[in-house]
1. Within the stretch 91-121, which residues are aliphatic (A, V, I, L, M), surrounded by fewer than 17 Cβ atoms within 10 Å (Cβ to Cβ) and more than 23 Å from the chain's Cα centre (by Cα)?
2. Of the residues that sit in the stretch 104-159 and are small (Gly, Ala, Ser) and in contact (Cβ under 8 Å) with a residue 24 or more places away in the chain, which one is farthest from ARG50 (Cα to Cα)?
3. Taking the stated definitions as given, is ALA171 touching a residue at least 60 places away in the same chain (Cβ under 8 Å) and under 16 Å from GLY187 (Cβ atoms)?
4. In the stretch 79-86, is there at least one residue being free of Cβ contacts under 8 Å to residues at least 12 places away in the same chain and part of a helix (DSSP H, G or I)?
5. Does LEU122 satisfy being touching a Phe, Trp or Tyr at 6+ places or on another chain (Cβ under 8 Å), outside any strand (DSSP E or B) and not polar (S, T, N, Q)?
6. Those residues that are within 17 Å of LEU82 (Cα to Cα) and among the charged types (D, E, K, R), I need them from the stretch 45-71; list them, please.
7. Can you tell me which condition THR136 does not meet? The list is (1) at pLDDT 95 or above; (2) among the polar types (S, T, N, Q); (3) farther than 22 Å from ALA41 by Cα, and all the others hold.
8. Select from the stretch 153-167 the residues that are among the acidic types (Asp, Glu) and more than 19 Å from GLY177 (Cβ to Cβ) and list them in ascending order.
Amino acid sequence: MPKSLLILAILAFLPCAQLAHAAGSLPITGEAVVLVVPDHAVISFGIECRDPEVPAAKRRNDEIAGRFTALTGKLGIAADQLRTDCLSIAPHYPNDQNKPQLVPDYFSVSRTIEVTVRDLALIDTLLTEAVAAGITTVSDVEFRTTEMRKHRDEARRQAVRAAREKAELLAEALGHGLGRATSISEGSIGWYGYANGFRNRDYGQQYQNRTINAGGDGPGDTTVPPGRLAVRAIISINYDLQ
């Protein structure tokens, strides 16, 4: 056979070979959500004070921070469970064009204190008394667990089992047996929690509650109960068909 005809024959055969290989594989994705009881929470408290004079605004901010620190101590929260950011000082200029723009209306002095709460039963009391102490914002209540690695690994194992069960079902429906896994990859993995937030401003208090849904193929849509974490894993596996 001439060399040119041999090359053409090989090139014509390659697409068929690739198609046959693709028909003999089954890509599948498994997902799992593990609900976990948190063992601590991290809460961010904000203090903002405004005054035409920076020293006056800072003095009030320091006073509120002192009252709040005393409150956490009274509730049995250790000092090393508090983390304070640096002070932020920002001028606010008038929007009125009739006023000189280079002279600020007031200065805003702000700081954030992040508190780790090990006793979750203290959260309601801490939030209520923090407002009374002068805290102006609570940006988040984030539930966490110290055993996140263990729960992530369990979610991975369940996602792999879900993928294999789905693959076996589909292979059987196609009249094939399920062969070996040829590749595996991990998709998004993370955790979702129950979040609370509220603000206390001059115009009053606003409370906001949010329940996060963790959904997907496999376990079905899951509404996270208050005070629970949903640890989620997605695993993609490619199987050979027999």
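1. First, pick out the residues of the stretch 91-121 that are aliphatic (A, V, I, L, M): 102-103, 109, 113, 115, 117, 120-121.
Still in the running and surrounded by fewer than 17 Cβ atoms within 10 Å (Cβ to Cβ): 102-103, 120-121.
Of everything in the stretch 91-121, those that are aliphatic (A, V, I, L, M), surrounded by fewer than 17 Cβ atoms within 10 Å (Cβ to Cβ) and more than 23 Å from the chain's Cα centre (by Cα) turn out to be LEU102, VAL103.
2. Within the stretch 104-159, the first condition is being small (Gly, Ala, Ser), and the residues that meet it are 108, 110, 121, 130, 132-134, 139, 155, 159.
Restricting the remaining residues to those that are in contact (Cβ under 8 Å) with a residue 24 or more places away in the chain gives 108, 110, 130, 133-134, 139, 155, 159.
Working: SER108: 5, SER110: 9, ALA130: 19, ALA133: 17, GLY134: 13, SER139: 19, ALA155: 48, ALA159: 52 Å.
In this case the residue turns out to be ALA159.
3. Numbers: touching a residue at least 60 places away in the same chain (Cβ under 8 Å): yes; under 16 Å from GLY187 (Cβ atoms): no.
Here the answer is no, as ALA171 does not meet what is asked.
4. First, pick out the residues of the stretch 79-86 that are free of Cβ contacts under 8 Å to residues at least 12 places away in the same chain: 79-80.
Filter once more, keeping what is part of a helix (DSSP H, G or I): 79-80.
Scanning the stretch 79-86, I find at least one residue that is free of Cβ contacts under 8 Å to residues at least 12 places away in the same chain and part of a helix (DSSP H, G or I), so the answer is yes.
5. Numbers: touching a Phe, Trp or Tyr at 6+ places or on another chain (Cβ under 8 Å): no; outside any strand (DSSP E or B): yes; not polar (S, T, N, Q): yes.
Considered against the rule, which asks whether it is touching a Phe, Trp or Tyr at 6+ places or on another chain (Cβ under 8 Å), outside any strand (DSSP E or B) and not polar (S, T, N, Q), LEU122 comes out as no.
6. ASP62, GLU63, ARG67
7. For THR136, the exception is condition (3).
8. Filtering the stretch 153-167 down to residues among the acidic types (Asp, Glu) leaves 153-154, 165.
Listed by number, the residues that qualify are ASP153, GLU154.
The values are calculated or read from the model by the stated rules, or taken from the named source; none is laboratory data. Predicted, not measured: the structure shown is a model, and the values here were computed from it. Reconstructed Cβ throughout: ideal geometry from the backbone, glycine too, with neighbour counts over all protein chains shown.
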